[in-house]
1. I'm trying to understand the selection: among the residues of region 532-581, which are assigned to a helix (DSSP H, G or I) and within 40 Å of the chain's Cα centre (by Cα)?
2. What single numbered condition from (1) surrounded by 24 or more Cβ atoms within 10 Å (Cβ to Cβ); (2) modelled with pLDDT of 80 or more fails to hold for V131?
3. If the requirement is being part of a loop (DSSP other than H, G, I, E, B) and in contact (Cβ under 8 Å) with a residue 24 or more places away in the chain, which of these qualifies: E702, E707, E731?
4. Grab the helices (runs of 4 or more DSSP H) fully contained in region 244-323, keeping just those with 2 or more residues being among the hydroxyl-bearing types (S, T, Y) and within 25 Å of A127 (Cα to Cα).
5. From the list G104, G116, G100, G89, pick out the single residue that is in the same structural domain as N370 (by TED's automatic domain parsing), modelled with pLDDT under 80, closer than 20 Å to P33 by Cβ and not hydrophobic (A, V, I, L, M, F, W, C).
6. Would region 541-556 turn up any residue that is within 25 Å of V638 (Cβ to Cβ) and either crowded, with 21+ Cβ neighbours inside 10 Å or assigned by TED's automatic domain parsing to the domain that holds R478 (or both)?
7. T64: assigned by TED's automatic domain parsing to the domain that holds S175, surrounded by 23 or more Cβ atoms within 10 Å (Cβ to Cβ), at pLDDT 75 or above and in a helix (DSSP H, G or I), yes or no?
8. Being assigned by TED's automatic domain parsing to the domain that holds L562, at pLDDT below 90 and on the phi < 0 side of the Ramachandran plot: is that true of F725 here?
Amino acid sequence: MRNNRPPSSSPPRAEVAPGKAGGLGTFGGVFTPSILTILGVIMYLRFGWVVGNVGLAGTFLIVTISTSITFLTALSISAIATDQRVRTGGAYYMISRSLGIEAGGAIGIPLFLAQGLSVALYTVGFAESVVEVFPMLNQKVIGLLTTVAVAALAIRSTKAAIRAQFFIMGAIALSLLSLLFGHPVENTGPETAIQITQAPENFWVVFAVFFPAVTGIMAGVNMSGDLEDPGRSIPRGTFAAIGVGYLVYMIIPIILVLRADRGALITDPLVMQRIAAWGPAILLGVWGATLSSAVGSILGAPRVLQALARDGILPRRLHWLGAGTGEDDSPRAGTVVTLGLALTAVWFLPLNVIAPVLTMFFLTTYGVLNISAGVEKLLQSPSFRPLFKVHWSLSLLGAAGCVIVMFLINAAATVVAVVFVLVILLWLERRGLEAAWGDVRMGIWLALTRAGLMRLKKPVDPRNWRPHLLVLSGAPMRRWHLVELATSFTHDRGILTVATVLGSEAVTRERKQALEAGIQDFLSKRGVAALVRVVSAADPFAGAEQLVETYGLGTLVPNTILLGDTKETEHRGPYCRMVEKFYFSKRNVLIVRDDEERGFGDHRTIDIWWGGLQANGALMLILAYLLQSSLQWRQARVRLKMVVPDEEAAQEARKNLTAMAEKTRTGAEPHVLASNGKPFFDILQESSADADLVFMGIARPEEGGFEDYYAELRERTEGLPSTIFVLAAEEIAFREVLLRYDHVMDRVD
């Protein structure tokens, strides 16, 4: 029976899948591939060199530190594996369901490449050892044939590949027994005598060479989709492999020290073959180690690729790689792609250059797995309930260990690996992938938000003031100029909320949520980072008052209300009462009366009609500075205009205004105008006719008189370019904000 399962083009779903009935068990699915990767080439060809350079005590320390990092990672893996059903993809699946689909993809793609290239690394190692015995053979041809044979075994059947690993493990066991019952070796050659006089290698250099020997636990984790019970098999099989590997690596140094001197251990890579009771058994072990590691990689890499395709991380034209074949859902298409990658590497690439980068990718995966488990536990999310409980400090200690070891092994390769991962992460972020499962990022932001709110219990001081705007925009697509203006004020640093008040109480909650989602999507597509709020009320003006009164969290509330002017005469009464309510609620009010024909013109000239450095005046100058610091208004000049009775008063006023402009360092240009008996509003109309935006302060509302005042103000300013009426109400010394503001805001180049 064939079970072809093409991937869906819809967003991936975080369904919790049961283990595969009749799938692999703990021994065959996790322990065997893990232990065979741990007891690998380094044990046979480099462990004697390790012992010879750092001695018995140093070797014990290196093995213990290395295994401790692997053990801490295994703790994190076990916690995640017992909290969720781990499906196809192993480490990728765990990370993507914890840290998000982008982080999972940023690790999953390098992990696939590393495992695919590892196939070539191991088959070339096998070919080199074969050519050492049979020098008449061609190493490259042997490598290609071995790679094809390993892939064919994996394509034919996962279980067949696992059964082949049982025979390989038998060969390794035989080699270890032969070593255990071996004999001492004598060293009399000239090379040995020379080597003995040389200083040993640095401890951390030796550590870096040995550490990849214990990074094999992912071979079992990658088989997660083929396990009958992943939550049970992954912890048991992984810890068993780590324990057996640690025991073997602690016993072998004793045998080597007792049966060979330092010179033989350092100079002879096959010193174990000389010690062993039956030398060919060691050669069989070397071959078994390389082939088993190749089999583990050729089984794991296609499954990571399959998971990446099914989750929509790969481009749409590669979704066919998510298909599974046969009852065991074998990723045959992915295996063919992995084979192509491995064959290319065998033929073209110098693997001695690639190997350090591969190790970095594996260690990066281990580090991110530790971070995933540590953050999940640290946040204490109710949804994270692993059966295998691990303290968050152990997971983060494992992550720190991975980072340290990466730099000790190869700092340059570490930088290459990190940059590669970051590039993929940015690419995935720009694609805007959506997953139907939640991840830990929301929990992190909630924790940070809570911590910040708890520290904002005191009123904001002038040094740290910035506008947090609530924009009463109605439908933002029809009043886009309000949102545009607000973003120029906030610079994506202040908190911006775009609000709509629906004039009906019959609007359902679902309808309001749909409108909020639509507005949010509209803003996001235009690059506006804002919160969205939709409320309903029988009277929209009363609804806006209630929104302003109740919206916010703790001391973090909008301090400035931005709204459009009202044109309907019948609405002017409730509109002015609403503005009064905003003022008495200690919210600054910005009323925008836009020029429908010109809009904001060329964004070149801003006029501020000055009445002093207190309240409205200081706030207007701050807002103009913010506009001038934004990208859209970066070429604008700010004209600070003041009207005095005559030329005599103008001279003194120019002196004072120039001194104030220099002191505030806002770049405003002082313009003092002598009225000489001419009405102020006539001067205003003439002087600001060429401006793109005009700021004017308005008087503080008085009970019962604000409506008449505002009607007269609108009438006398009719015909001006787009104008913002500014009413400062917040209990803060805007004068102090203005005098310190250049240290707070960064001017946009």
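The values are calculated or read from the model by the stated rules, or taken from the named source; none is laboratory data. Bear in mind the structure is a predicted one, so any value in this text is a computation, not a measurement. When we count neighbours, we look across all protein chains shown, and the Cβ atoms used for this are built from the backbone with ideal geometry, even at glycine.
1. Residues satisfying the conditions are G543, A544, E545, Q546, L547, V548, E549, T550.
2. (1)
3. The unique qualifying residue is E731.
4. 279-310
5. G89
6. No, region 541-556 has no match at all.
7. no
8. Considered against the rule, which asks whether it is assigned by TED's automatic domain parsing to the domain that holds L562, at pLDDT below 90 and on the phi < 0 side of the Ramachandran plot, F725 comes out as no.
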